[in-house]
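Laboratory data are not the source of any read-out in this text; all were calculated from the coordinates shown. As the structure is a computational prediction, the values presented were derived from the model and not from experiment. All Cβ positions, even for glycine, are placed from backbone atoms using ideal geometry, and neighbour counts span all protein chains on display.
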Amino acid sequence: MRRSLIPVLTLALACAGAGPAAAVTFGEPDGGLHPNVGVVVIDRNPDSPGPDITCSGTLISDRVFLTVAHCVDVLESVGSPYWVSFEPAYDEDAASPAGLVAGTATKHPLWGSGGQSDPHDIAVLVLDSSPGVAPAELPAAGLLDQLKASHQLDDLAFTTVGYGAVRTDKTGGPHANQGRDGLRRYAQQGFQSLRPATLELSQNPSTGDGGVCNGDSGGPHFLGGVDSNLVVSTTLGTDRWCRATNRTYRLDTPSARQFLGQFVTLP
């Protein structure tokens, strides 16, 4: 089990208790562990009776829901309305799912212009009403850089949460992905590398990690164990097999903070 977090940077990290080492792919149902993680849905499949799972995200204030810009591109291609559900089990086959909250989306104005160095792939949905859920916490400026400088990132655990496709088979290729069942799941991950705008995490089941797949874009990565409420990055994507590396967008950088500061009070 990976070491817990340093005393000097306790913040919300004090609750870095350990959970199962496998979990979203190779994961565990979340139940009520992370009630501030939701699923973005839109009616984009005429053969489905209700709005369809599109991506994941996190409530970061009373009415501000954090996700990624490439998710909003999909929403805009279909057209409003779109909604967020915080139900731990979302039923795409329900004609009128309960608990949907509509919202208005805003993408980072530089989305798509920064290349790999900084894709600015971040967005928020300002919800029409509060879902009545306690929001997640955001990191202080440069938190991950501080942890790297003090040689601690290698030993820290991260917890990812989302509504994406399930995988339990360690050996097969892309066909081993079992699709989405609407359950919110969580996974524990290990550190791989830190870049100016992104954080790469392991989702290799052979090293005891789980991770993300289709439908998890925008979902959070909490710094610490399953009880942590400090979200430090959001899912951008993974490899086609959903079992190697999870690329995530940092929330402690000047670019991310400048965007988020328009909507929430930053630490």
Problem set entry | Additional length obtainable on full extension of the chain from Ser117 to Arg240, 0.36 nm per residue less Cα span | 42.2 nm
Exercise. Working out 0.36 nm times the residue gap between Asp145 and Asp73, then minus their Cα-Cα distance, what length gain in nm do you get to one decimal?
Worked result: 22.9 nm
Seminar exercise, completed: Amide H contacts under 5 Å for Val212, restricted to residues at least 5 apart in sequence or on another chain and with H modeled in the peptide plane, are Thr25
Exercise. Across region 66-73, in residue order, what do the Karplus-derived ³J(HN,Hα) couplings come to in whole Hz, using 6.51 cos²θ - 1.76 cosθ + 1.60 with θ = phi - 60° and x for Gly and Pro?
Worked result: 8, 8, 10, 5, 5, 5, 5, 4
Exercise. If you keep only loop residues by DSSP, which trypsin sites (Lys or Arg not before Pro) in region 229-267 have at most 16 other Cβ atoms within 10 Å of their Cβ?
Worked result: Arg240
